[in-house]
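Undergrad: Please read through the structure below; I'll follow up with questions.
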Amino acid sequence: MAEVEKTEVTASTWTSRRGFFTYAGWTIFLGTTLAFMAKTFSFTGFFFPKVLFEPSKKFPVGYPADFPDHGVVTLKARRVFIVREGNNFSAISMVCQHLGCAVHWTEEKGIYECPCHGSKYYKDGVNFAGPAPRPLFHFDMHLSDDGKLMVDTSTIIERVTVLTI
Amino acid sequence: MIPDLKKVIELITGNEIWKSVFRHSYEDTPRNRVLQIVGNVWMHIHPPTVRKESLNISYTFCLGGLTFFIFLFETLTGILLMFYYTPDVNRAYADMIDLSNNAAPFGRLLRNTHRWAGHAMVITVCFHMLRVFLTGAYKSPRQFNWVVGVVLLVLTLLLSFTGYLLPWDQLGYWAITVGTNMAGATPFAGYQGPFADLFGFTIDNDIRFALLGGTSIQAPALLRAYVWHCIALPSLAGGLIMLHFWRVRKDGFSGQL
């Protein structure tokens, strides 16, 4: 009887060969699993692509003379309005500051309106009605070497800044 | 010459193949009745004895059962739809229109019932939750099953949300725009949310980016919605439904049931 008890104690101790390999095996298995799970679900892990196939944030929109004076031109695919006031140009984002819908220019009212939740903005992008918390973004503009207007949507500039040609 | 029916039946049911599948005869004997219950595949879901009170439909209105039925229906129609739908920005909308024009047999029926049943599942799961709340069925010892149920509610809403983008139409596109922008305002996770500056979240490294696979809704977002909708979320929901039923069975029905 005493012999049996002694054997049991030895086998269950982690200092035995079997105990050591049991602990080592589980540690390696769980550690590897945990490491892979962590890399999969963590910040900048599997669900964060390293390469993006998205349209360029810098693009030409046309020659300055093509834009009507005091007019708002809608570039739907680029999600940007080009507003001209005499020699001053500005590029205003179409993306509503509330929840990201595309606002549209209403010519007869002279304002931008969002179809989703009814936010309204003046011609210069300043919000005055609806849930929008701040004015529409204004993007950086410059002239390219061949005289075209260029818009850079990666650079947000102050609302009062315009490109004068 | 007419073959002897008893001999034909004996030939079919007497061989080893039949006996390996069906363990007892269909004859109505007390022993077979017990075997039908004890050896049943639904043994774990359904109790061997049912109390008279539990036949009262107005206590549960079978809302959980209805939700489960709709889940099975969605799985069935969803698998059939997958044969004719491509999660590609150039194909998705056209495939959906083709299905609606019966380009495949039962195409319109499949697509429309899949969509309506999706709406219905959100409704039945909410009413099921309301019933459980009103009858106090969430109380001890069923607290854990209430929690499982809440997770299942969230999974139902997520299934509904991811399925919304798949037709790649204006309705789904802007719904996902709004929904993922709300995710972008999550505290400690979104680039527009509180503490975004503290943790350095920008538009290309926050939770919204991980959901869309990009900074705007493009092809990766459609593919991600498809995989979540067709594989990940149904698998999670299926596992939790099993857990849910198992707990109902072990904790017993609430009330007089």
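Undergrad: Which residue pairs have Cβ atoms under 6 Å apart, sit 6 or more places apart or on different chains, and have a first residue in the stretch A:37-57 that is among the charged types (D, E, K, R) and a second that is open to solvent by 50 Å² or more (accessible area, probe 1.4 Å)?
TA: A:Lys57/A:Ser154
Every residue, every condition in (1) within 12 Å of another protein chain (Cβ to nearest Cβ); (2) modelled with pLDDT under 95; (3) surrounded by 15 or more Cβ atoms within 10 Å (Cβ to Cβ); (4) assigned to a loop (DSSP other than H, G, I, E, B), yes or no:
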position: A:Ala65; (1), (2), (3), (4): no, yes, no, no
position: A:Asp69; (1), (2), (3), (4): no, yes, no, yes
position: A:Ile82; (1), (2), (3), (4): no, no, yes, no
position: A:His117; (1), (2), (3), (4): yes, yes, no, yes
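Undergrad: Can you tell me which residue is surrounded by the most Cβ atoms within 10 Å (Cβ to Cβ) among those in the stretch B:194-204 that are without any contact (Cβ under 8 Å) to a residue 12 or more places away in the chain and either assigned to a helix (DSSP H, G or I) or more than 9 Å from chain A (Cβ to nearest Cβ) (or both)? Reasoning before the result, please.
TA: Narrowing the stretch B:194-204 to residues without any contact (Cβ under 8 Å) to a residue 12 or more places away in the chain: B:194-200, B:202, B:204.
Keeping just the survivors that are either assigned to a helix (DSSP H, G or I) or more than 9 Å from chain A (Cβ to nearest Cβ) (or both) gives B:194-200, B:202.
Working: B:Pro194: 11, B:Phe195: 11, B:Ala196: 19, B:Asp197: 9, B:Leu198: 8, B:Phe199: 13, B:Gly200: 9, B:Thr202: 11.
Among those residues, the one meeting the criterion is B:Ala196.
Undergrad: Would you mind stating whether B:Tyr191 is within 14 Å of chain A (Cβ to nearest Cβ), of a type in the set (Phe, Trp, Tyr) and part of a loop (DSSP other than H, G, I, E, B)? Explain how you work it out, then say what you get.
TA: Values: within 14 Å of chain A (Cβ to nearest Cβ): yes; of a type in the set (Phe, Trp, Tyr): yes; part of a loop (DSSP other than H, G, I, E, B): yes.
When the stated conditions are applied, B:Tyr191 passes them.
Undergrad: Right, B:Gly39: open to solvent by less than 100 Å² (accessible area, probe 1.4 Å), of a type outside the set (A, V, I, L, M, F, W, C), touching a residue at least 12 places away in the same chain (Cβ under 8 Å) and touching a helix residue (DSSP H, G or I) at 6+ places or on another chain (Cβ under 8 Å) or not?
TA: Numbers: open to solvent by less than 100 Å² (accessible area, probe 1.4 Å): yes; of a type outside the set (A, V, I, L, M, F, W, C): yes; touching a residue at least 12 places away in the same chain (Cβ under 8 Å): yes; touching a helix residue (DSSP H, G or I) at 6+ places or on another chain (Cβ under 8 Å): no.
In short, no.
Undergrad: A further question follows. Of all residues in the stretch B:166-180, which are under 13 Å from B:Ala221 (Cα atoms) and more than 14 Å from chain A (Cβ to nearest Cβ)?
TA: Across the stretch B:166-180, the qualifying residues are B:Leu166, B:Pro167, B:Trp168.
Undergrad: Further, regarding this structure: Would you confirm whether or not the stretch B:22-31 contains a residue that is touching a His at 6+ places or on another chain (Cβ under 8 Å), small (Gly, Ala, Ser), over 29 Å from B:His229 (Cβ atoms) and modelled with pLDDT under 90?
TA: no
The values are calculated or read from the model by the stated rules, or taken from the named source; none is laboratory data. What you are looking at is a predicted structure, and each value in this text was computed from that prediction instead of being measured. Counting neighbours? That spans all protein chains shown, and the Cβs are built from the backbone with ideal geometry, glycine included. Please note that ligands, DNA and RNA were not included when accessible areas were found on the heavy atoms of the full protein model with its side chains. Shrake-Rupley method; radii C 1.70, N 1.55, O 1.52, S 1.80 Å.
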